[in-house]
Amino acid sequence: MTIERFSGAELLIKALAELDVEYIFGYPGGSVLDIYDAIFRQDAVSHLLVRHEQAATHMADGYTRATGKCGVVLATSGPGNTNCITGIATAYMDSIPMVVLAGQVASNLIGGDAFQETDIVGCSRPIVKHSFNCRSVEELPNVVAKAFYLAETGRPGPVVIELPKDILIPDNTAPFVMEKDVKIRSYNPNVKGHTKQIKKAVEKITKAERLVIYTGGGIVIANAAEQLTALVERLNAPCTNTLMGLGGISGLHDNFIGMLGMHGSVEANKAMANADIILALGARFDDRVTNKVEKFCPNAKIIHVDIDPTSISKTVNAHVPIVGLVDVVIDQITAELDAVGHKPNKDDFKEWWSEINKWRALNSFSYETSKDLIKPQQVIESIYKHTQGDAYICSDVGQHQMFAAQYYPFKKPRQWINSGGLGTMGFGFPAAMGVKVAFPDSHVVCVTGDGSIQMNIQEMSTCLQYNIPVVIVALNNRSLGMVRQWQDMIYGGRHSSSYMESLPDFVKLAEAYGHVGMQINHPDELDSAMEKAFSIKNRLVFVDVLVDEKEHVYPMQIRFGAVDEMWLKKGEKV
Amino acid sequence: MRRILSILLENEPGALSRIVGLFSQRAFNIESLCVAATDEPTLSRITISTFGDDKVLEQITKQVNKLIDVIKVADLTERPHIEREIVLVKVLAMNNKTRTEVKRIADIFRGDIVDVGKQIYTVQLTGDEDKISSFIDVLNHETEIIEVVRSGTVGIARGEKALRV
Ligand SMILES: Cc1ncc(C[n+]2csc(CCOP(=O)(O)OP(=O)(O)O)c2C)c(N)n1
Ligand SMILES: [Mg+2]
């Protein structure tokens, strides 16, 4: 019997199918045409053609953030690959699994400055979890399996596979052999928390008088939201989420005290500053959370749970470091609470809660409405109302991102999708497309700004081709609002290059791409127009909302201050 | 504080560049770096001499460990260990007096003259960093140094302790 042999391109697609990959997000070019040909000749894996490779990475990323499944990107050598860099970095910063299939010139040309040759492995080295230079057709399926394994396990992240053209061509063949049960001797991702450390943590938790549970993207990634909620309820502790962690506990939960950090709620930042014990779960004490590190929560003992040891005691020293998968560690903590006889009691932290409720009463997210100007906050509230709070909200970067995080309470994890770590303008729209591809029956909204949307606006064409009817809501303030806010607050109001003086007519633009465009410019129209926008199914709707261009995002931490030193509104501090 | 890290990693293309990239990307210092395959050909061993306070070293160790290719990392300076470096020094040896003097210094330091030219001696010496530095100082005093090549430090723990898979 002869064993069937396949080209590298065929092996690649077979391997992807074997790993249950549904979609490849990509763009063709010379070095990967054999892969495109192999895609054409099968139907297990679909390919979605974007209009710019950066969008392919964000689309894959959005798909992954919503589904938990590793996204796949395909790009050609040279410019195709370098166009992926921003998307790879975006995924890397937020620990999102991604496999990037990077075409390369033929092996015998590598190193010779061949046409469209770039060292993509070298270019991407600081922003990947790992990368592979695939050098033979035989090893290809196993390299793919390894790449997925690395991307998805431990602290997830992007993995690049460089594929030289000569291992993809039809006359270079090998049998399909793939070891799905991957083992890598230098990599052991399944970590349980150290028992002694768990005991120490529980001792601190049960003795705490002012406990705060501070959680990040790790809870979302680990699908640990239910466990977290149970732990929060059992301890009756206040819980705050980072920008990446929103939805880790329902935004409507009584114990949720809002997002913390630069634009967090007063009660969240105050609670952190006054805590005696902070239980940090899958969060990394980013500088957008801590404000000045030296002034960060001086009186708190910190229990820090993270799968990545480098995140622990990197910026803020942990008193009880626990390295482990956050879902596993929460179970361990819960079991230890049982073991020491801890019983839930709704009167726990009574005094602490009364203090927190005083901060809550400051209502730090309140804002003033106006008779003739639409406030950006109102727009988010209107989106919430017309999507029943169930939409996937995919945001770009800027003021609109903060408003979305503040005014749309996320009931579930994975509902809030944004570039938290890298802050990539241009992320929101393609990310929303990736989500819509995965969940065609759900409301998928891209909340964006007049600046950000123009960084990947060409993807409206992709949406028409594949019928991806997301709703784009642009909070159009005719400026790079977040930049302008900083210029107002820190640079004496000198608006250097923060205007967008020649905005296109977004309505016409959407129409030109074959979609529906709407503009809203008066508060009285907001609700009815939003209702209409969300009632249109199967068409992409671009809602251009002209909002008050002077609005700032508040509260805002005061630069170089402690975590709870904030501007409440213009000229008013807490 | 000066530290010596021993790193055992997969002997694969790109592995070294990941280590070096990590150090530059995170602004960690590299004083010297040695790399070669081990007796087990699938493994390489890197010795990095670096410096930084405890917090920095903790990050370096963790970050290096996090690289997928890396199997083990040890801080040799934590325990009794042996450090060696080799140096080749090319010096001017124009006249008898200098030649005798260079030979004498080499003998005192237990170095060897490994190449002799009309006006040139090349001296080889092994030892720890301090010994090598003072050797170079002394030679420099006596004659003109034309070229110095140091291998960088390699090290191994004393006693039973071994860095193996
Ligand atoms: C690719 C990229 N370039 C620059 C920035 C810096 N930046 C952060 S917010 C912002 C303004 C965004 O403007 P817009 O999308 O209109 O949002 P707004 O703040 O007005 O709501 C800029 C330029 C960034 N985050 N990403
Ligand atoms: Mg704007």
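The values are calculated or read from the model by the stated rules, or taken from the named source; none is laboratory data. Quick caveat, the model's predicted, so the values are computed rather than measured. FYI the Cβ positions are ideal-geometry reconstructions off the backbone, even for glycines, and counts take in every protein chain you see. Surface areas here come from the heavy atoms of the whole protein model, side chains and all, with no ligands, DNA or RNA. Shrake-Rupley method; radii C 1.70, N 1.55, O 1.52, S 1.80 Å.
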Over chain A, the sum of -39500 (n - 2.57) across DSSP H runs of at least four, divided by residue number and rounded to 500 deg cm²/dmol, gives at 222 nm -10000 deg cm²/dmol
SASA check, A:Ile39, accessible area w/ 1.4 Å probe, all protein chains in place, rounded to nearest 10 Å², comes out at 20 Å²
Averaged over residues of B:65-71, the number of beta carbons from other chains lying within 10 Å of each residue's Cβ is 5
Summed over the other residues with a beta carbon less than 9 angstrom from that of A:Ile558, with K and R at +1 and D and E at -1, the charge totals +1
In whole µm²/s, the translational diffusion coefficient that Stokes-Einstein assigns to the range B:67-149, given a Kirkwood hydrodynamic radius over C-alpha pairs, 37 °C and 0.692 mPa s, equals 232 µm²/s
In whole angstrom, the spacing between the Cα centers of the range B:52-108 and the range A:235-300 equals 46 Å
Of all stretches in chain A that avoid GluC sites (Glu not before Pro) placed in a DSSP loop and having at most 11 other Cβ atoms within 10 Å, the longest is A:5-178
Rounded to one decimal in Å, the inverse mean reciprocal Cα-Cα distance for the range A:376-553, i.e. its Kirkwood radius, is 16.0 Å
Taking a straight Cα-to-Cα line shorter than 16 Å from A:Lys411, and setting aside same-chain lysines fewer than 8 residues away, one finds A:Lys385
With the range A:221-367 reduced to its Cα atoms and the Debye formula applied, log10 I(q)/I(0) at q = 0.15 1/Å amounts to -0.78
Taking every alpha carbon pair in the range A:6-174 and sorting the distances into 10 angstrom bins from 0 up to the bin holding the longest one, the percent per bin comes out as 12, 46, 37, 6, 0
Partner lysines whose C-alpha sits under 17 Å from that of A:Lys350, ignoring same-chain residues fewer than 8 away, are A:Lys207, A:Lys270, A:Lys358
Expected integer from the mean partner chain Cβ neighbour count at 10 Å over B:13-21 is 3
Taking only Cα atoms of chain A, the Rg to Rh ratio with Kirkwood Rh works out at 0.99
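Net charge near A:Ile39, counting Lys/Arg +1 and Asp/Glu -1 over other residues with Cβ under 12 Å of its Cβ?
Working: positive: A:Lys14, A:Arg41; negative: A:Glu10, A:Asp34, A:Asp37, A:Asp43.
Its environment carries a net charge of -2.
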Simple spin-label estimate for A:Lys371/A:Asp20, 7 Å along Cα→Cβ, in nm, reads 5.9 nm
On the accessible surface of the protein assembly as shown, probed at 1.4 Å with all protein chains in place, carbon and sulfur together account for a percent value of 51 percent
Short to long, in 10 Å steps from zero, the percent of alpha-carbon pairs of the range A:360-478 per bin is 14, 46, 32, 7, 1
So the pair-distance distribution of the range A:13-66, from every Cα-Cα distance in 5 Å bins, comes to percents of 4, 19, 27, 28, 18, 4, 0
Taking A:90-97, B:136-143 and ranking on average Cβ neighbours within 10 Å, highest first, one gets A:90-97, B:136-143
Cross-link reach from A:Lys129 to lysines, straight Cα distance under 26 Å and at least 8 residues apart if same chain, gives A:Lys14, A:Lys69, A:Lys146, A:Lys165, A:Lys180, A:Lys183, A:Lys192, A:Lys314, B:Lys55, B:Lys62, B:Lys66, B:Lys72
Scoring only Lys, Arg, Asp and Glu (+1, +1, -1, -1) among other residues with Cβ under 10 Å from the Cβ of B:Ile156 yields +3
